[in-house]
Ligand code: IVH
């Protein structure tokens, strides 16, 4: 049993190593879970054999009562910062001078500067012993219970001739994906949202209950060693990093060793800047270290930082500035997006004066008012995001969604259940114009092959195309006078407009770009109503009878056709010669029971399925029970509880003879 147990422990630890350190899992989850369960069962039955390196020991049973203080036997130092290439080069130039060598002959090792928190992990005879935060560099806090839960921290080191004592130092961080998942969950549960992955990692390491850390996917990557009692000698920092990987730790991506010329630093910085956004974790710079340990020792320290290493910081991505105003931009689909106007500020390497606010829910969540000092974040090329209110302004003005579209003055509406507010200006709102025309002419809809997005944009900007109806009044010279267009290509455009005029009802309806009514929805509506007039005059109830059309889409259709400007545009298009055949089958005007719910009860002479089919063909829904919404109950012989219910609710009841007469059917 003991041997089998030891094998299970080793197997799971190996699988964890493959998954969390090598990013290369070798077993399916189900197999992992099965073996883990077997291990837990053995441990439950034989508690005396449980070993410290067992994966079950990562999460302690109880939360800790307090953070014990731990003294670092080797001080944990910090790094000096450099903010430019010149500062970086000068730092090593000075070091080279002190070493009496040329900077080009200095071997430098570069590592990403991981944005988390420094942790020291102590191993005794190859086994995880305890872990501490950096604290003030001399005294940290015991966070063993949480660090043990990190699967990329081995509980037992690999290899033989393991050191008697080894203190591994590195960064604990939360990968970007884990951070986003955590915040999504927090938002759903109305609990605390973390500002960035570093705060999330630090907050997690400072939890008393290790179960929380175990759920949050922290990671650890070492960048050096502290206390060490072992047989091996090291000559270079890069050797230490490689040695730590043989013991079972992760190694940072994009570490490089190079000679310290100005060009080499520049090249390395460009590389790291380029890969930064592709990394799974946040980095806030690059750490450059002199690789030779002898040179490191000879240079020593000043104050609290070494003279052999420096942190080249990326420009700050998070800064505080004032919110001057909030404007509302109308997007190409009619959504009004609040945009923060900021006191200009340097962030992420550029000066910015705008930030996105997404929607009104976000403004509410942040508790934002005009006049506040706010923290903004800018990563990579993206537009900055507002993170939080740093300090409330003295004369704070609440932020309100305008009632009318700032572009076309049409009323602004919020769709029930959605965060977005939209302009109801439809086909006439200039902000939506080019997009509406592009949608209309696209291959999926009117398929005006030679009127592509670029040409639309140009004609729209010139004011020649304002709405989709203007497509049909375009003249040869409107197009031929544009740069890069001749008479021939202009004629091609006009020809393809002409050729597109014969279309189908569903295609035309989809081309109108009614919000939420896509290709499929438009086809369903066309198929159901058969002709354009029936669609344009359909009621909400009638539209809701169409398969797969819900109340939101139905309302958008009704709103669209009740807008006079939209009506005028469609009329102009039809007048210009756009045509379609009616859909096959009986048009909806025959569907006199659309929107109604009928119930059949009792014994009917007419077969029940025929009666049902008849009602449905006339547009009614046939339900199995009576409610307040029931339009009419057809009661046959011996009708029982449904009839009683209808009478109780005051629902109209007719007998079968009346029913047949009503629909001109013979008994
Ligand atoms: S070396 C004496 N290497 O940056 C040298 N630090 O600003 C000690 N950090 O406290 C640190 N990535 O938390 C080093 N590859 C890296 C690092 C790194 C992140 C953090 C570490 C340190 C802080 C100094």
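Only the coordinates and a few stated rules stand behind these numbers; no lab work does. This structure is a prediction, so every number in the text was calculated from the model and none was measured. Here Cβ is always computed from backbone atoms with ideal geometry, including for glycine, and neighbour counts include all displayed protein chains.
Mind checking the log10 I(q)/I(0) for segment 178-244 at q = 0.16, 0.20, 0.27 Å⁻¹? Debye, one equal scatterer per Cα, no solvent, two decimals.
Computed log10 I(q)/I(0) values: -0.68, -0.82, -1.20.
From the Cα trace of segment 379-420, what convex hull volume per residue do you get, rounded to a whole Å³?
Cα convex hull per residue, to the nearest whole number: 170 Å³.
Of the beta bridges DSSP finds with both residues in segment 275-418, what % are antiparallel, to the nearest 5? Provide the component values of the computation, followed by the final result.
Values: 32 of 33 bridges.
The antiparallel fraction comes to roughly 95 percent.
Which order, highest average first, do 652-659, 521-528 follow once you tally other Cβ atoms within 10 Å for each residue and take the mean per peptide?
Final packing ranking: 521-528, 652-659.
Given the DSSP H assignment, sum -39500 (n - 2.57) over each helix run of at least 4 residues in the chain and divide by its residue total; what's the result at 222 nm in deg cm²/dmol, nearest 500? All intermediate terms of the calculation are to be shown ahead of the outcome.
On the way: 24 runs with 235 residues, N = 667.
When only DSSP H runs of four or more count, the value is -10500 deg cm²/dmol.
So what's the projected area for segment 471-581, the Cα convex hull averaged over all directions, in nm²?
Its Cα hull, projected and averaged over all orientations, spans 7.5 nm².
Which percent, to the nearest 5, of DSSP beta bridges fully inside the chain are antiparallel?
85
Would you mind getting me the FRET efficiency between residue 125 and residue 305? Use the beta-carbon distance for r and R0 = 30 Å, nearest 0.05.
Details: r = 32 Å, r/R0 = 1.08.
For R0 = 30 Å, the calculated efficiency reads 0.40.
By how many degrees, between 0 and 90 and to the nearest 10, does the Cα long axis of helix 176-188 differ from the longest principal axis of the chain?
50
For segment 356-422 and segment 13-41, what is the separation of their C-alpha centers, rounded to whole Å?
46
Do you know the relative contact order of segment 334-375, to the nearest whole percent, from alpha carbon pairs under 8 angstrom that are 6+ apart?
Working: 34 pairs, mean separation 14.1, N = 42.
Relative CO of segment 334-375 lands at 34 percent.
Rounded to a whole number, what is D in µm²/s for segment 352-487 from Stokes-Einstein with the Kirkwood radius over alpha-carbon pairs (4 °C, 1.567 mPa s)?
D, rounded to a whole number, is 71 µm²/s.
Please arrange 333, 297 by counting, for each residue, the other beta carbons lying within 10 Å of its beta carbon, fewest first.
Numbers: 333 15, 297 9.
Ascending Cβ contact count within 10 Å gives the list 297, 333.
Hey, how much of the P(r) for segment 602-667 falls beyond 15 Å, as a percent of Cα pairs?
51
Cut-off is 10 Å between beta-carbons; in what order do 575, 388, 148 appear when sorted fewest neighbours first?
Details: 575 10, 388 16, 148 22.
Least to most surrounded, the residues fall as 575, 388, 148.
With a ≥ b ≥ c the root eigenvalues of the C-alpha gyration tensor of segment 528-569, is it rounded (a/c under 1.5), prolate (a/b larger than b/c) or oblate?
Oblate, because a/c is 1.5 or more while a/b does not exceed b/c.
Over all directions, what mean area does the Cα convex hull of the chain project, stated in square nanometres?
If I average the Cα hull's projected area over directions, I get 45.9 nm².
If the chain between residue 107 and residue 67 were fully stretched, how many nm would it gain, using 0.36 nm times the residue separation less the Cα-Cα distance?
Residue separation times 0.36 nm, minus the Cα-Cα distance, leaves 10.3 nm.
In which sequence would 15, 308 go, from the one with the fewest C-beta neighbours within 10 Å to the one with the most?
By the 10 Å Cβ count, ascending: 15, 308.
Work out the FRET efficiency for residue 18 and residue 356 from their Cβ-Cβ distance, taking R0 = 35 Å, and round it to the nearest 0.05.
So, using R0 = 35 Å, E works out to roughly 0.30.
Need the C-alpha centroid separation for segment 425-498 versus segment 590-654, integer Å.
So the two Cα centres are separated by 52 Å.
Taking 8 Å as the Cα distance limit and 6 or more residues as the minimum spacing, I'd like the relative contact order of the chain as a percentage.
Details: 1198 pairs, mean separation 57.0, N = 667.
Relative contact order, the chain: 9 percent.
Working only with C-alpha atoms, what are the Rg and Dmax values of segment 453-492, expressed in angstrom?
For segment 453-492, the Cα-based Rg and Dmax read 9.4, 25 Å.
For segment 93-177, what log10 I(q)/I(0) values come out of the Debye formula at q = 0.24 1/Å, with one point per alpha carbon and no solvent?
-1.12
Work out the FRET efficiency for residue 87 and residue 294 from their Cβ-Cβ distance, taking R0 = 30 Å, and round it to the nearest 0.05.
0.75
Once each part is reduced to its C-alpha centroid, what is the distance from segment 262-302 to segment 520-545 in angstrom?
Here the two parts' Cα centres lie 65 Å apart.
Per residue, how much space in cubic angstrom lies within the convex hull of the C-alpha atoms of segment 497-557? Show your work: numbers first, answer last.
Numbers: hull volume 4.5 nm³, N = 61.
Looking at segment 497-557, the number lands at 74 Å³ per residue.
From Cα pairs below 8 angstrom and at least 6 apart in sequence, can you work out the relative contact order of segment 87-174, rounded to a whole percent?
Across segment 87-174, relative contact order equals 32 percent.
For the Cα atoms of the chain, what angle does the longest principal axis make with the long axis of helix 262-275, in degrees from 0 to 90, nearest 10?
Orientation of helix 262-275: about 40 degrees from the principal axis.
Return one number: the angle in degrees, 0 to 90 and rounded to the nearest 10, between the long axis of the Cα atoms of helix 2-16 and the longest principal axis of the Cα atoms of the chain.
70
Please list the three semi-axes, largest first and in whole Å, of the ellipsoid equivalent to segment 498-640, using sqrt of 5 times the eigenvalues of its alpha carbon gyration tensor.
Sorted largest first and rounded, they come to 36, 16, 11 Å.
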